[in-house]
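Notes to accompany the following structure.
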Amino acid sequence: MSSEPRLTSLAHGGGCGCKIAPDVLTEILSSMPAAATHVGLLVDAAKSDDAAVYRISDEAAVIATTDFFMPIVDDPFDFGRIAATNALSDVYAMGGRPIFSLAITGMPVGKMSTETIRRILDGGRMASEAAGAPVAGGHSIDSAEPIYGLVALGLVHPDRLIRNDGARAGDVLILGKPLGVGVFSAALKQEQLSPEGYEMMIGSTTLLNRPGADIAEIDGVHAMTDVTGFGLLGHLAEICRGSGVAAAVEESAVPVFDLARNLLQEGIKTGASGRNWNSVKQWVEAPADWPEMSRDMLTDPQTSGGLLVSCAPEAADAVLTAFRQHGHGAATVIGAVTEGAPKIRIG
């Protein structure tokens, strides 16, 4: 299809920036009944965690999650890789190892060629197989906007399951990937992202969060999640609320892509960063002169973002080693967990 439009032009949003804002989602779900109590259900939707978990034996529990979104890039193969990597991340964030996946596909068939759709599926298949979670089936529909993602399934030992509500005062906070993917996606949609920036974006969003499975084996790891559509502050706030603790973030220690910072200085950002801030600002204590640009970066929606780990100080070196062994060279300590009512203090 020679006149085929850019993938990103077919969707009103892209990547994890498509997520419904946290406060709106909370309102939608507030009156929904919790899942029926079952002895085997270890984690359900009431926990605001990354995936559901069901114990099948004393030695194994199944992790089940789903994630899909609209194109964040124009290359169909890259879109498929990013979407699959992002979906599999939720299994790793629970400390599990993926075992297989199912494809979720919605495409505007009249606007896209079958070859483009095939390339999206090929990208997702490649990423899934690299994680050891082959695509075993799926479901497709003809939709108004292109959508792709996975149902991802994994396994974890019940005693090594890592949730997002176990952080303890005195823990350190470690972030596995730099921030700025949302800024890159906004620049791409405006045709202002350089080839260097695109390479950084693809390198980060297709890097599997494999360290999560190894980190779960380390004594002293108390909580973990992945930083995606709600931004660093949004997902850290979930840890604080679930764990009944506060957190202190050293802004200068947070890894950020320098090019993304430069683009943000030029006024390029996503609309989701503002929505994220409105949803989380009640949980944040920041200096009176805190720059708006800093706020936008810490609420920048990450697609296939890094793992955020809360662990005892004596476990930090082992956690950082696990990150680096899997190619996450930017992983670093960004703050600490403190006593007190759920709040994030920016320093």
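The values are calculated or read from the model by the stated rules, or taken from the named source; none is laboratory data. All values derive from a computational prediction rather than experimental measurement. FYI the Cβ positions are ideal-geometry reconstructions off the backbone, even for glycines, and counts take in every protein chain you see. With ligands, DNA and RNA removed, areas are computed over all heavy atoms of the protein, side chains included. Shrake-Rupley method; radii C 1.70, N 1.55, O 1.52, S 1.80 Å.
Scanning the range 119-131 for residues that are open to solvent by 40 Å² or more (accessible area, probe 1.4 Å) and farther than 15 Å from Phe68 by Cα turns up Arg119, Asp122, Met126, Glu129, Ala130. Any residue at all in the range 141-160 that's modelled with pLDDT of 95 or more and polar (S, T, N, Q)? The answer is no; no qualifying residue exists.
Being more than 15 Å from the chain's Cα centre (by Cα) and farther than 30 Å from Asn164 by Cα is true for just one of Ile120, Ile104, Ile56. Which residue is that?
Ile120
Of the residues Ser185, Ser140, Ser128, Ser113, which is touching a residue at least 40 places away in the same chain (Cβ under 8 Å) and more than 23 Å from the chain's Cα centre (by Cα)? Step by step, each of Ser185, Ser140, Ser128, Ser113 is checked, and only Ser113 is touching a residue at least 40 places away in the same chain (Cβ under 8 Å) and more than 23 Å from the chain's Cα centre (by Cα). Criterion first (in contact (Cβ under 8 Å) with a residue 40 or more places away in the chain and either closer than 23 Å to Met70 by Cβ or of a type in the set (A, V, I, L, M) (or both)) does Gly327 satisfy it? Here the answer is no, as Gly327 does not meet what is asked.
Select from the range 56-80 the residues that are without any contact (Cβ under 8 Å) to a residue 24 or more places away in the chain and aliphatic (A, V, I, L, M) and list them in ascending order.
Ile56
Summed over the range 317-330, the residues that are more than 28 Å from Tyr148 (Cβ to Cβ) and open to solvent by less than 10 Å² (accessible area, probe 1.4 Å) give a count of 2. For the range 59-96, residues that are farther than 27 Å from Asp159 by Cβ and either surrounded by fewer than 23 Cβ atoms within 10 Å (Cβ to Cβ) or not small (Gly, Ala, Ser) (or both) total 16. Among the criteria (1) part of a strand (DSSP E or B); (2) under 30 Å from Ile215 (Cβ atoms), the one Thr105 does not fulfil is (2).
Return yes when Gly229 is touching a Lys or Arg at 6+ places or on another chain (Cβ under 7 Å) and in contact (Cβ under 8 Å) with a residue 24 or more places away in the chain and no when it is not. When the stated conditions are applied, Gly229 passes them. Can you find, within the range 191-235, the residue that is farthest from Ala318 (Cα to Cα) among those that are among the β-branched types (Val, Ile, Thr) and out of contact with any Leu (no Cβ under 8 Å at 6 or more places or on another chain)? Filtering first and then ranking leaves Ile202. Among the residues making up the range 113-159, those that are part of a strand (DSSP E or B) and among the β-branched types (Val, Ile, Thr) are Val135, Ile141, Ile147, Val151, Val156. Got at least one residue in the range 146-154 being touching a Leu at 6+ places or on another chain (Cβ under 7 Å), crowded, with 20+ Cβ neighbours inside 10 Å and either small (Gly, Ala, Ser) or over 28 Å from Ile239 (Cα atoms) (or both)? The answer is yes; a qualifying residue exists. Which members of the range 43-58 meet the condition of being buried (at least 18 other Cβ atoms within 10 Å of the Cβ), modelled with pLDDT under 90 and out of contact with any helix residue (DSSP H, G or I) (no Cβ under 7 Å at 6 or more places or on another chain)? Scanning the range 43-58 gives Val43, Asp49.
Kindly evaluate Leu150 against the criterion of being over 26 Å from Ser243 (Cβ atoms) and within 18 Å of the chain's Cα centre (by Cα). Yes, satisfied. Contact map, the range 233-259: residues that are acidic (Asp, Glu) paired with residues that are surrounded by fewer than 22 Cβ atoms within 10 Å (Cβ to Cβ) and not in a loop (DSSP other than H, G, I, E, B), Cβ distance under 6 Å, separation 6+ or inter-chain. Pairs shown: Glu251/Ile346.
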